[in-house]
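Let me begin by presenting the structure, written as structure tokens, before commenting on it.
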Amino acid sequence: MNNVSDIQLLAHIREDNRLAFTELVNRYSPVLFRFVYKRTSCIEDTQDILQNVFASLWKRRMSVNVADSLYPYLFKAAKYEVIDWTVKKQKIIERSALLIETHASLSFMHSGEDDLMAKELAQLIEQEVEEMPSTMKNVFTLSRHHALSIKDIALQLSLSEQTVKNNISLAINRLCMKFK
Amino acid sequence: MSEHKQSQQARKLLQKYLDGKCTPGEEEQVLNWFYSFEEKENSLPDGITEADFKTTLTQRLDEELFHNHQPDPEKNVVILRRLFVAALVLFVSGIAIWMYLDRLPQVEDTALLAAEVPSLNNANQNDILPGGHYAKFIYADGKEQIRRDSTFFTFTPLDSHNRNRVAIEVPHAGIYKIILEDGTKVWLNAATKLSYPERFDDDQRLVSLEGEAYFEVAKDIHRPFLIDAHGTTIEVLGTAFNVNAYESDVKTYLVEGSVKVKKGMQENMLRPGQEAVVLDDHIQIAETDLEKNTAWQRGEFYFDGSNLPEIISRISHWYNVEFENEELLQGESTYKGAIKRNTNLSTALKILEVATGKSFIIKGRKVEIQ
């Protein structure tokens, strides 16, 4: 199930497969939780928002149109829920100065929303690496960030080369399943 | 402009965005605001783990989408939950507490833990979801309470003389964390019982344990913390350690501080990084692999190649399954590593397949080794 792509998962979800739906929730909820929590700073409300996002995906599973990954859909759904929450619940809107007309003339950015989302996603991925089991994290960091060979990593961490290989493929697997 | 007025103006723009009535310039402004939080601190608040909110979320979605039998599900529960949280926060004002409570059903529904679900893979008859937070509290007057939140805080007024004992039972496929009256934190693993008094005595803090628990004992030099496990006594002043007391060969793994292990006439002090294993009336002290022996408390299964029988028993506790043909698993494996416990059984077994070269097939609540 972990190796199943989003598209395949969605196909199973359309056949009312609840296990596939649970897998989808497990796959995306950590990253979406952080995405929303940064903006609400309230665990209870973040839970409510995520519940709305996933429940509406289930209800609209037949009509949702996804190219190759569900994350843009889910992030945008979460964005609407957060803005709705902000309008209804947040008495003093955080960073509201950015939304006031006089600032409109400042030229902020001309990158599209997808770029902004990708930038944030990259940061959230870092966090996922942080949360890996310790051996996996060490192996993965040495391999990707410090570009060490499998042999060097095995030496440095006193692990067998096979263990290092296993851990790297497990780590990539984890990230792929979360962000493919 | 006042903060309040500014927020009002901002609110109007956001509402316009939700209604789809923004000009391209306004839309850019909203997006710029929305993504300006990107650089904000990324970590979760203390005491909240990924597994906690995943479990809560899955349960709530399950309730909302698949069990429509509850007459008025969401609203009241949410309000009650908030009131309860508010009351707790007031009660311990000055201490920052992060907790969130799930609903507290009064029926026993351990069936929802490690539930059987359809398999996507033809090799297995079905798949099994991971276990979750669950504990049964049994009070001195015989009352029972089921809790499915992640953590329970014990509050006993300082002048209380109530020494009634409370028993907590965590079933197969369950896990639970409790913070005792003195601030000691106890993580209870699956198939575990802990009993403690609502208020500790003035000269000691005595609890008893069957199963496995990880302790972070609050320092109190006047009241040693004592754990009774199958007749073995573990005495502590303030420290972190794991006790595995599923069987009578009680094992203690010390992470920090110091503890004393007593059995019959013998007693031994442990240093951090050491383990004590009680065999009959004899205590064996040895260096220990803490990463391995406290993995469950970090939400991991840990394989080091030589602990296959232990992993099999941990998996059967957590997913509430039984293995068949266990004798086929002999010898050591070169595989070493950890996987998270909040994964489906089929995924955990896939790793075991790689490690052992055998295949594992799920049939209902049995796992057949071939």
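The values are calculated or read from the model by the stated rules, or taken from the named source; none is laboratory data. Everything numeric here is computed off the predicted structure, so don't read it as measured data. Glycine also receives a Cβ, built like all others from the backbone with ideal geometry; neighbour counts cover every protein chain displayed.
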Original post:
When you scan region A:92-123, how many residues do you find that are more than 7 Å from every other protein chain (Cβ to nearest Cβ), closer than 25 Å to residue B:6 by Cα and modelled with pLDDT of 75 or more?
Top reply: 1
Original post:
Residues of region A:1-30 being hydrophobic (A, V, I, L, M, F, W, C) and within 10 Å of chain B (Cβ to nearest Cβ), which ones?
Top reply: A:1, A:4, A:9, A:19, A:20, A:21, A:25
Original post:
residue B:43: outside any helix (DSSP H, G or I), facing chain A (nearest Cβ under 10 Å) and modelled with pLDDT of 55 or more, yes or no?
Top reply: yes
**OP:** Evaluate the following for residue B:62: is it more than 10 Å from chain A (Cβ to nearest Cβ) and either more than 30 Å from residue B:137 (Cβ to Cβ) or modelled with pLDDT of 65 or more (or both)?
**Re:** no
Subject >> Meets criteria (over 20 Å from residue B:165 (Cα atoms) and of a type in the set (Lys, Arg)) for residue B:177 >> reply: no
Original post:
If you check residue A:83 against the conditions, is it within 8 Å of another protein chain (Cβ to nearest Cβ) and modelled with pLDDT of 85 or more?
Top reply: yes
Subject >> Scan of region A:60-91 for residues that are outside the structural domain of residue A:49 (by TED's automatic domain parsing) and touching a residue at least 60 places away in the same chain (Cβ under 8 Å), ordered by number >> reply: none
Subject >> Residues satisfying the stated conditions in region B:262-277, i.e. of a type in the set (D, E, K, R) and surrounded by fewer than 16 Cβ atoms within 10 Å (Cβ to Cβ) >> reply: B:267, B:271
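Residues are listed down the side, and each one gets a yes or a no for (1) at pLDDT below 90; (2) in contact with a Ser or Thr (Cβ under 9 Å, 6 or more places away or on another chain); (3) facing chain B (nearest Cβ under 7 Å):
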{"site": "A:41", "(1), (2), (3)": "yes, no, no"}
{"site": "A:50", "(1), (2), (3)": "no, yes, yes"}
{"site": "A:55", "(1), (2), (3)": "no, no, yes"}
{"site": "A:68", "(1), (2), (3)": "yes, yes, no"}
Subject >> Positions within region A:126-162 being loosely packed, with under 14 Cβ neighbours inside 10 Å, among the hydrophobic types (A, V, I, L, M, F, W, C) and over 24 Å from residue B:355 (Cβ atoms), in sequence order >> reply: A:147
Original post:
Only one residue in B:305, B:331 is of a type outside the set (Ser, Thr, Tyr), within 11 Å of chain A (Cβ to nearest Cβ) and on the phi > 0 side of the Ramachandran plot. Which one?
Top reply: B:305
Original post:
Of all the residues that make up region B:14-29, how many are within 7 Å of another protein chain (Cβ to nearest Cβ) and of a type in the set (A, V, I, L, M, F, W, C)?
Top reply: 2
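For (1) modelled with pLDDT under 90; (2) assigned to a loop (DSSP other than H, G, I, E, B); (3) surrounded by fewer than 22 Cβ atoms within 10 Å (Cβ to Cβ), each residue gets a yes or a no:
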residue	(1), (2), (3)
B:200	yes, yes, yes
B:211	no, no, yes
B:214	no, no, no
B:220	yes, yes, yes
B:238	yes, yes, yes
B:243	no, no, no
B:248	yes, yes, yes
B:255	yes, no, yes
B:260	no, no, yes
Subject >> Residue list for region B:1-32, restricted to those being farther than 18 Å from residue A:85 by Cα, out of contact with any Phe, Trp or Tyr (no Cβ under 9 Å at 6 or more places or on another chain) and not in a loop (DSSP other than H, G, I, E, B) >> reply: B:3, B:5, B:24, B:25
Original post:
Can you tell me which residues in region A:130-148 are part of a helix (DSSP H, G or I) and within 20 Å of the chain's Cα centre (by Cα)?
Top reply: A:130, A:136, A:137, A:140, A:141, A:144
Subject >> Unique residue being in a loop (DSSP other than H, G, I, E, B) and in contact with a strand residue (DSSP E or B) (Cβ under 7 Å, 6 or more places away or on another chain) when the list is B:302, B:335 >> reply: B:335
Original post:
Could you list, in sequence order, the residues of region B:357-370 that are surrounded by fewer than 19 Cβ atoms within 10 Å (Cβ to Cβ) and either at pLDDT 85 or above or in a helix (DSSP H, G or I) (or both)?
Top reply: B:358, B:359, B:361, B:363, B:364, B:365, B:366, B:368, B:370
**OP:** State yes or no: is residue B:346 more than 14 Å from chain A (Cβ to nearest Cβ) and either at pLDDT 85 or above or touching a Cys at 6+ places or on another chain (Cβ under 9 Å) (or both)?
**Re:** no
Original post:
Can residue A:144 be described as modelled with pLDDT of 70 or more and within 7 Å of chain B (Cβ to nearest Cβ)?
Top reply: no
**OP:** Output the number of residues of region A:1-52 satisfying the condition of being within 16 Å of the chain's Cα centre (by Cα), farther than 29 Å from residue B:350 by Cβ and without any contact (Cβ under 8 Å) to a residue 40 or more places away in the chain.
**Re:** 6
